[in-house]
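Scroll down for the structure; my scribbles are underneath it.
The values are calculated or read from the model by the stated rules, or taken from the named source; none is laboratory data. It should be emphasised that the depicted structure is a prediction, and the values quoted were computed from it without experimental measurement. Every residue, glycine as well, gets a Cβ built from its backbone with ideal geometry; the counts of neighbours run over all protein chains shown.
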Amino acid sequence: MSPTDDGAPGYGSAGSGHGAGHGFETLAIHAGQDPDPVTGAVVPAVSVATTFAQSGVGRHAGYEYSRSGNPTRRSLETCMATLEGAAGGLAFASGLAAEDAVLHLLRPGDHLIVPDDAYGGTYRLVNGVWGSLGVSHTSVPLGDLDAVAGAWRPTTRMVWAETPTNPRLGIVDVAALASLVHARGGLLVVDNTFATPYLQQPLALGADLVVHSSTKYLGGHSDAVGGFVAGGDEAVLEELAYFQNSIGAVPGPWDCYLTLRGIKTLAVRMERHCAAAARVVDALLPHPAVASVLYPGLPAHPGHAVAARQMRGFGGMVSFVLRGGEAPALEVAGGTKLWTLAESLGAVESLIEHPHRMTHASVAGSPLAVDPGLLRLSVGLETPDDLIADLLGALDRAGA
Ligand SMILES: *Cc1c(COP(=O)(O)O)cnc(C)c1O
């Protein structure tokens with residue numbers, strides 16, 4: 001019996017309805033979203049009911065209570081699992097809720113290897129929450145496989161990877177890391193938030209689990225917080241479904257609907273994000289105030305060859321470091337008109353932020369601290385010429 005005690009799978013499984021053999025765009029629009037069998041509606045209903053009628057005790061159509069399972073959430077889970085090429089997947093109330101469910105696979109005494117430039121919230125969860133519950137960790141530059149091997153302990157059970165990383169846009173060779181982790185009997189988790197399944201499919205590269213903050217590119221419109229986990233091992237999925245139902249950090253049906261709606265245009269949005277980011281990079285490179293531009297699409301980027309191999313495109317995130325350090329960086333961050341100064345990323349509107357004081361303030365002073373002269377851009381879908389003019393104007397005004 002499944003952990004939800006309803007006999008139905010406790011997660012969205014790929015392969016139901018439109019499945020293998022179709023292209024990414026087709027699956028993004030149709031997987032888990034067959035027309036409603038009763039009304040023919042082409043959009044899955046936003047199923048707001050918290051409970052579902054039973055025709056006899058324990059006899060129901062697969063749903064009994066919306067924390068345990070909800071039809072709109074199941075559509076999203078099926079669609080996302082299909083896009084990641086997973087056996088199944090689970091949606092959560094936020095990216096961190098999804099990560100927390102994955103970390104529940106560990107037990108006190110277990111050890112975990114995390115990137116030395118992990119997303120700040122991931123580091124806080126691993127260090128601040130799980131550290132005090134007896135799960136220890138080592139921060140390692142994951143691009144360096146010798147460093148990963150060197151950090152391995154007899155109690156190491158999981159390696160957490162992000163690629164591209166945040167905010168330095170480092171690249172991890174997922175296939176190489178997966179063979180190292182599997183040779184030692186560990187589990188490889190990849191946070192695929194920056195790339196999305198359109199640009200990169202970690203499970204196909206050998207990862208065991210893929211996690212997302214769907215708040216970013218998947219939703220894509222800055223209007224729904226959410227998270228997702230997918231994997232290929234049904235026993236692990238059942239365990240995660242047990243945590244999802246037992247802990248209860250589930251997304252509401254409206255947020256699931258908004259995320260599903262966003263995913264339909266993921267492929268076209270990612271193509272535009274990538275193209276616009278490449279143009280912004282070209283505009284930043286020659287500017288005298290810019291010391292360096294961090295973008296995996298640049299041939300000089302240390303991860304370029306691996307990124308070219310494992311990604312379909314180089315993404316919409318760009319970081320750059322100002323020669324003058326923090327003072328001009330703060331001026332530029334506050335000096336753009338079109339680029340909104342804000343945390344988060346991956347939506348239609350372009351954002352600029354100062355990681356040292358904003359997204360990564362919680363790691364200031366730690367080994368994960370970010371260069372105070374670094375600015376991070378989430379290149380949106382406005383007219384690229386407008387974005388470039390605004391950014392160069394702010395750089396010039398900062399006298400940087
Ligand atoms: C935003 C983000 C998260 C956390 O997701 P939330 O939806 O904010 O909880 C995790 N990983 C990465 C890479 C992110 O950008």
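Looking at Val268, Val281, just one residue is touching a Gly at 6+ places or on another chain (Cβ under 9 Å) and either modelled with pLDDT of 95 or more or among the charged types (D, E, K, R) (or both), and that residue is Val281. So, in the stretch 140-169, of the ones that are of a type in the set (Gly, Ala, Ser) and at pLDDT 95 or above, which residue ends up surrounded by the most Cβ atoms within 10 Å (Cβ to Cβ)? Going through the qualifying residues, I end up with Ala161. Would the stretch 331-344 turn up any residue that is of a type in the set (A, V, I, L, M, F, W, C), under 21 Å from Gly143 (Cβ atoms) and within 19 Å of the chain's Cα centre (by Cα)? Checked the stretch 331-344: no residue is of a type in the set (A, V, I, L, M, F, W, C), under 21 Å from Gly143 (Cβ atoms) and within 19 Å of the chain's Cα centre (by Cα). Annotation for the stretch 54-70: no member residue is of a type outside the set (D, E, K, R), buried (at least 24 other Cβ atoms within 10 Å of the Cβ) and within 16 Å of the ligand (Cβ to nearest atom).
Listed by position, the helices (runs of 4 or more DSSP H) inside the stretch 211-311 whose residues that are among the small types (Gly, Ala, Ser) and more than 15 Å from the ligand (Cβ to nearest atom) number at least 3 are 234-247, 266-284, 304-310. Figure legend. Inter-residue proximity from the stretch 117-129: first residues in the same structural domain as Pro141 (by TED's automatic domain parsing), second residues more than 10 Å from the ligand (Cβ to nearest atom) and at pLDDT 95 or above, beta-carbon distance below 6 Å, spacing 6+ or different chains. Indicated pairs: Val126/Val114; Val126/His137. Would you mind stating whether Glu326 is more than 16 Å from the ligand (Cβ to nearest atom) and either at pLDDT 95 or above or within 21 Å of Ala361 (Cβ to Cβ) (or both)? So Glu326 passes the test.
Could we say that Glu343 is within 16 Å of the ligand (Cβ to nearest atom) and either touching a helix residue (DSSP H, G or I) at 6+ places or on another chain (Cβ under 8 Å) or without any contact (Cβ under 8 Å) to a residue 40 or more places away in the chain (or both) here?
When the stated conditions are applied, Glu343 passes them.
Condition test on Asp385, is it buried (at least 17 other Cβ atoms within 10 Å of the Cβ), among the acidic types (Asp, Glu) and in the same structural domain as Glu326 (by TED's automatic domain parsing)?
Against the criterion (buried (at least 17 other Cβ atoms within 10 Å of the Cβ), among the acidic types (Asp, Glu) and in the same structural domain as Glu326 (by TED's automatic domain parsing)), Asp385 does not qualify.
Asp173 meets the conditions (1) within 16 Å of the ligand (Cβ to nearest atom); (2) touching a helix residue (DSSP H, G or I) at 6+ places or on another chain (Cβ under 6 Å); (3) not aliphatic (A, V, I, L, M) in every case but one. The failed one is (1). Hey, any hits in the stretch 346-358 for a residue that's modelled with pLDDT of 95 or more, over 22 Å from Val225 (Cβ atoms), under 18 Å from the mean Cα position of the chain (by Cα) and not assigned by TED's automatic domain parsing to the domain that holds Leu205? No, that holds for no residue.
When the residues of the stretch 103-147 are narrowed to those that are of a type in the set (Phe, Trp, Tyr) and under 18 Å from Val370 (Cβ atoms), which ends up nearest to the ligand (Cβ to nearest atom)?
Tyr119
Counting just the residues of the stretch 258-284 that are surrounded by 22 or more Cβ atoms within 10 Å (Cβ to Cβ) and of a type outside the set (A, V, I, L, M), which one comes out farthest from Val379 (Cα to Cα)? Only one residue tops the list, namely Thr259. Only one of the listed residues (Gly262, Gly297, Gly315) is without any contact (Cβ under 8 Å) to a residue 24 or more places away in the chain and in contact with a helix residue (DSSP H, G or I) (Cβ under 9 Å, 6 or more places away or on another chain). That residue is Gly297.
Which members of the stretch 356-397 meet the condition of being touching a residue at least 60 places away in the same chain (Cβ under 8 Å), over 22 Å from His221 (Cα atoms) and in contact with a strand residue (DSSP E or B) (Cβ under 8 Å, 6 or more places away or on another chain)? Result: Pro367, Leu368, Gly373, Leu374, Leu395. Quick check on Gly85: is it surrounded by fewer than 21 Cβ atoms within 10 Å (Cβ to Cβ), free of Cβ contacts under 8 Å to residues at least 12 places away in the same chain and not aromatic (Phe, Trp, Tyr)? Considered against the rule, which asks whether it is surrounded by fewer than 21 Cβ atoms within 10 Å (Cβ to Cβ), free of Cβ contacts under 8 Å to residues at least 12 places away in the same chain and not aromatic (Phe, Trp, Tyr), Gly85 comes out as no. Hey, among the residues in the stretch 186-210 that are assigned to a loop (DSSP other than H, G, I, E, B) and near the ligand (Cβ under 9 Å from one of its atoms), which one's surrounded by the fewest Cβ atoms within 10 Å (Cβ to Cβ)? Ranking the qualifying residues of the stretch 186-210, first place goes to Thr193.
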